[in-house]
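Visitor: Have a look at the structure that comes next, please.
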Amino acid sequence: MEEEERKCKAAIEEAEKQYSEISSEIKDLDIKSKQFEELEESYLSISDDISPGRKRCSFGQDRSFPGCLSNVQVEWDEINAAWGQAALLLHTMAQYFSPKFQYRIKIHPMGSYPRVTDINNNTYELFGPVNLFWSTRYDKAMTWFLTCLQEFAEFAISLDRENNVPPEKSLKLPYKIDIRW
């Protein structure tokens, strides 16, 4: 009996020890959860502060690109994936309306490694990482991409006019594209 009682007391002590460890882990997870929620709130308040025309970040020579968060580092993998998705969408829309849409600038969606071919048949990489030597080529790729996007938007707006689409339902880009060579 005494042996059985000793085993039970040892089992109870072990269970209490495990309970204490689990309680400590739960407290740590609660603290981390609260920190995460605070970080998320901070991120959302920063995102809410960014509205069209208020926050811009520049690329290349005297050009600007809206939507930059200077205090948040974005990995090149994410940037490349976003350019790949944008390139695929623009390429698909341009191909759909071909030959009516004169597709002068060629967009080559190649996953996270898209390329852009200009009107002189020069091809530029629309992916990074970009260093000092490649930054001009990357700037040109972005500029040609935006030029193609602007031309497609003008084409789509003219189609809306032809089809008597009311102005409030016609295509409107969220930002003005101002390309300076």
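Visitor: Quick check: at a probe of 1.4 Å, how many percent of the accessible area of segment 95-181 sits on carbon and sulfur atoms?
Guide: With neighbouring chains kept in place, the figure for segment 95-181 is 55 percent.
Visitor: Another one. Could you pull out the trypsin sites (Lys or Arg not before Pro) across segment 91-138 that fall in loop regions by DSSP (anything but H, G, I, E, B) with no more than 13 other Cβ atoms inside 10 Å?
Guide: 100, 104
Visitor: While we're here: How much length is gained on full extension from residue 73 to residue 110, taking 0.36 nm per residue of separation minus their Cα-Cα distance? Working shown, then result.
Guide: Numbers: separation 37, 0.36 × 37 = 13.32 nm, distance 2.43 nm.
Here the answer is 10.9 nm.
Visitor: Per residue, how much accessible area does segment 90-181 have with a 1.4 Å probe, in Å²?
Guide: 64 Å²
Visitor: Loop-only chymotrypsin sites (Phe, Trp or Tyr not before Pro) in segment 116-162, please: DSSP not H, G, I, E or B, and at most 10 other Cβ atoms within 10 Å.
Guide: Answer by residue number: 133.
Visitor: Could you tell me which of the pairs 140/172; 100/176; 9/34; 34/176; 140/176; 100/140 are separated by over 29 angstrom between their Cα atoms in the structure shown?
Guide: In this structure, 9/34; 34/176 exceed 29 Å between Cα atoms.
The values are calculated or read from the model by the stated rules, or taken from the named source; none is laboratory data. In this text the structure is predicted, and so the values were computed from the model without any measurement. Cβ coordinates were reconstructed from backbone atoms using ideal geometry, including for glycine residues, and neighbour counts include every protein chain displayed. Only protein heavy atoms, including side chains, enter the accessible area calculation; ligands, DNA and RNA are left aside. Shrake-Rupley method; radii C 1.70, N 1.55, O 1.52, S 1.80 Å.
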